[in-house]
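Enquirer: The structure's right below; bear with me while I get my questions together.
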Amino acid sequence: MIQPTGDTMTRPVGRTGAPVPSSADVARLAGVSRKTVSRVFNDEPYVTPEVRRRVLEAAQMLGYRPNHAARTLASGRTRTIGVVTLGTAGFGPASLLVSIERAVRDTGYALRVVSTVDGDPAGVAGAVQSLLEQGVDGIVISEPVDEGKAPIHVDVPVLFVEAPPLFTGPRTVTTGVGAYQLARVATEHLLDLGHATVHHVAGPQRWYAARERLAGWRAALAAHGRSAPPALDGDWSADSGYRAGRALAANDDVTAVFAAGDEMAIGVIHALLEAGRRVPADVSVVGFDDMPIAAHVTPPLTTVRQPFDPVAREGLKLLVQAIEKPDADLPPALDPPVELVVRASTAPPPP
């Protein structure tokens, strides 16, 4: 345990009149140089775990906080990351934004968020320009809707989450939750149960994620030598799933359905049960997202879980590397985990 030295120093005082500790105070108490203190708080290499522990312990004892304003002047960076996201309360975009916020906080950077409006083709460009004017060091594009290519060149590193690179910049990183692979797993689960084919209730095709799920469903069927039935259009809502479910319920050949979102899957189940089709005895249903409500509907919904937290952490790690080490090669993004949550809405087809 570090013991205070009892040395007295002249230093600035805070609002309460108490002296404001400096990095020199931390260095003296920890028995290290000021450069070592700087390395610890900048998370630089070449600091042993024991030295890092002593510095952090001394900082906590003194109530020391790094001077971010001085760091900004020295480095030319604001230590701020901007996020462009669609202004929606939808489960996927909202959950992804929460995960990004946590991941940014863990990097030690501040966060600025600008929301766009669905249907505004200039929304992304305007949001990016607003963030650049605020002097952000990097930008995260978490914009799930295709509004067309934005002819922008951005002079800071950019992370695209669940979206293709929309514009050019010095360094761009792309990562996603693996919607294509998750859709394949959901479809293959139904095929492995013995269903002859799987019907699909798709999300709106202006959404990148909806396209990926549609492509994954088709790929799984093709890999098993099955032709794809016509997909039914949905808009992520339970109402659209209910409408699709009424059409599916009228076809006695339908024994398996993969919906591109849990809310649509719940609507499908409602329509099937209303039409006298038992779930899963007559028709199996799989959703996508693993919303909290999915475990509590009747029957509990089999679904695939989106790995928002791991994807956000991995993407922000690469973005921070691109900001702080602009000349270093970036490692490839890790593949996101795939998790199928099997519940009571799926079973082998009826005899």
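Enquirer: What number, rounded to the nearest 500 deg cm²/dmol, is the helix-based mean residue ellipticity at 222 nm of the chain, given -39500 (n - 2.57) per DSSP H run of at least four residues and division by all its residues?
Expert: That calculation yields -12500 deg cm²/dmol at 222 nm.
Enquirer: Follow-up. Once you have the alpha carbon radius of gyration of the chain, what is it after dividing by 2.2 N^0.38 Å, with N set to its residue count? Intermediate values should be presented prior to the final figure.
Expert: Details: Rg = 25.7 Å, N = 351, 2.2 N^0.38 = 20.4 Å.
The reported ratio for this selection is 1.26.
Enquirer: Positive end of the dipole of the chain, charges at C-beta (+1 Lys, Arg; -1 Asp, Glu), about the Cα centre: which of Val154, Val26, Pro229 has its Cα farthest in that direction?
Expert: Val26
Enquirer: Let me ask something additional. By average Cβ neighbour count within 10 Å, what is the ranking of 253-261, 173-181, 95-103 from highest down?
Expert: Highest to lowest by the protection proxy: 253-261, 173-181, 95-103.
Enquirer: Can you tell me the dipole magnitude for region 288-350 around its Cα centre, using point charges on the Cβ only (Lys, Arg +1; Asp, Glu -1), in Debye to the nearest 20? Intermediate results must be reported in sequence, preceding the final value.
Expert: On the way: 5 positive and 9 negative charges, 55 e Å.
It works out to roughly 260 debye.
Enquirer: Right, next: Could you check what % of the DSSP bridge pairs in region 233-351 are antiparallel, to the nearest 5? The partial results should precede the final answer.
Expert: Numbers: 3 of 10 bridges.
Percent antiparallel among DSSP bridges in region 233-351 is about 30.
Enquirer: What accessible area per residue, rounded to a whole number of Å², is obtained for the chain using a probe radius of 1.4 Å?
Expert: 48 Å²
Enquirer: Amide H of Val304 versus every other amide H placed in the peptide plane: which residues, excluding those fewer than 5 positions away on the same chain, fall under 5 Å?
Expert: Placed amide hydrogens put Gly287, Phe288, Asp289, Asp290, Val341 under 5 Å from Val304.
Enquirer: What percentage of the solvent-accessible surface of region 235-343, computed with a 1.4 Å probe over protein heavy atoms, is contributed by carbon and sulfur atoms?
Expert: Details: 2530 of 4860 Å².
Answer for region 235-343 is 52 percent, counting heavy atoms of protein chains only.
The values are calculated or read from the model by the stated rules, or taken from the named source; none is laboratory data. Since the structure is predicted, the reported quantities are computational estimates derived from the model, not experimental observations. Ideal geometry is used to build each Cβ from the backbone, glycine not excepted, and the neighbour counts take in all protein chains shown. In case anyone asks, the SASA skips ligands and DNA or RNA and just uses the protein heavy atoms, side chains included. Shrake-Rupley method; radii C 1.70, N 1.55, O 1.52, S 1.80 Å.
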